[in-house]
Every structure is written in structure tokens, then in C-alpha cells.
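Heads up: the structure comes next, in C-alpha cells.
The values are calculated or read from the model by the stated rules, or taken from the named source; none is laboratory data. Predicted model, so just to flag it, every value in this text is computed and none were measured. Please note: Cβ atoms are built from the backbone with ideal geometry, for glycine as well, and neighbour counts cover all protein chains shown. For the accessible areas, the whole protein counts, side chains as well, though only heavy atoms, and no ligand, DNA or RNA atoms are used. Shrake-Rupley method; radii C 1.70, N 1.55, O 1.52, S 1.80 Å.
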Amino acid sequence: MKFTTSTDGDMEILLSVVGKHLGAIGAEGMIDLYTDEPIEDPEPQQAFLEMRQEVQSQHAGKRDYLIGVPLDFASQTDLRRFTLLGHRTIGCEAYVGRKLVFSTVENERIVFLDLPQTDVEALESQARQAGAEGLTRLT
């Protein structure tokens, strides 16, 4: 099921709810630390720059370590980064085993969830209750 929001703030609310659920079900995540457009909001911009710097300082060599950077949904730091950056980068995904359960559509405020219908409905409800007024389910 796909969702979009009318604002980045609403998407951050949705991703916060989704990220907590992904952590609870043991999902493994990854994010690509590239964007097509500059991130202009100060907090997400800072999180993006810090994460890129951390990855680059840990790895030297020819491989592109900014693609497929692991996200640990049990970590408060990574959960916050997922919330701020998941929809702003060129790619973000989460898997349970080999099954893709979450992905973004490149640099758009559209996310895809492949979870049980009851879980999706509960996450949608939680996001709306948390203030994501511009949340829309796409068909």
C-alpha cells in the first residue's frame, strides 16, 4: 500500500510511527545518502550531513559506502535519522528476512508498505492521531 503526505512534517510523523513498528518486528533497514535536490530544512540537513560524515570517516577506499547504509530501527539515533531522511534521499528500504516491507519513491513524499492490512491500518491511524493531517492513501 502506498501513502503520501501534503507536507514533510506529516511524512516525518508517518515515518516515526512506521520506524517504531519496523523496529518492533525486527526489520533491517538501509538508506542511500544521496539526494536529487538539496535538503533545506535545518534539522534534516544536519542529520544528513552528520550521517554522511560518519560513514565516510569509517570507510576509505573505492566502494561507494553512501549507498545502502544500514539503519538500526532499535536505535533512537537511527530511528530519528529514518524519520528525517527516509523520504528525502534517493532510496530507503526495510526488510524482514528477504521480504521488502518498506520503501520510498525517490525524493518524493511517497512510501510503500507491504505489511499485514491490520498493521497498515493501525499505523495509518496512529500517524493521524499524532497529527499527520495531510496523510493520503494512494491506490
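The length gained on full extension between L100 and M1, counted as 0.36 nm times the residue separation minus their Cα-Cα distance, comes to 34.4 nm.
Which of rounded, prolate or oblate describes segment 4-63 when judged by the alpha-carbon gyration tensor and an a/c cut-off of 1.5? Note, shape of segment 4-63 comes out oblate.
Helical content of the chain, expressed as a calculated mean residue ellipticity at 222 nm, amounts to -13500 deg cm²/dmol (DSSP H runs of 4 or more residues, -39,500 (n - 2.57) each, divided by residue number, nearest 500). Per residue, how much accessible surface does the chain expose to a 1.4 Å probe? Answer in Å², no decimals. For the chain, the per-residue accessible area is 54 Å². The gain in end-to-end length when the I67 to I90 segment is fully stretched comes to 7.3 nm, 0.36 nm per residue minus the alpha carbon separation.
Ranking T136, V111, T35 by how far each Cα lies toward the positive end of the dipole of the chain (charges on Cβ) leaves V111 at the top. Quick one: grab the alpha carbon gyration tensor of segment 4-110, order the square roots of its eigenvalues as a ≥ b ≥ c, and give me rounded if a/c is under 1.5, else prolate or oblate depending on whether a/b is larger than b/c. Oblate is the answer for segment 4-110, as a/c is 1.5 or above yet b/c matches or exceeds a/b. Backbone geometry of segment 35-45 corresponds, through the Karplus equation with coefficients 6.51, -1.76 and 1.60 at θ = phi - 60°, to 3J(HN,Hα) couplings of 9, 7, 10, x, 8, 9, 5, x, 5, x, 4 Hz, x marking Gly and Pro. Under the criterion of Cα pairs below 8 Å and six or more residues apart, the relative contact order for the chain equals 41 percent. Remark: the K20-Q46 segment gains 7.2 nm on full extension, using 0.36 nm per residue and subtracting the alpha carbon distance.
Surface composition of segment 68-139: carbon plus sulfur atoms contribute 48% of the solvent-accessible area (1.4 Å probe, protein chains only, all chains present). In this simple spin-label model, placing a label point 7 Å from the Cα along the Cα-to-Cβ direction at both E54 and T118 gives a separation of 3.5 nm. With a 10 Å cut-off between alpha carbons and a GNM built on the chain, which of V69, V18, V111 moves the most? Comparing V69, V18, V111 in a Gaussian network model of the chain, the most mobile one is V69. Just to be sure I follow the definition: excluding the sites themselves, where is the longest run in the chain that has none of the trypsin sites (Lys or Arg not before Pro) in a DSSP loop with at most 15 other Cβ atoms within 10 Å? With trypsin sites (Lys or Arg not before Pro) excluded where exposed in loops, the chain gives 1-61 as its longest stretch. Evaluated with a Cβ-only charge set (Lys, Arg +1; Asp, Glu -1), the chain carries a dipole of roughly 400 debye about its Cα centre, given to the nearest 20. Loop-located GluC sites (Glu not before Pro) in segment 1-100 (DSSP state other than H, G, I, E, B) with a sparse environment of at most 12 neighbouring Cβ atoms within 10 Å: E40.
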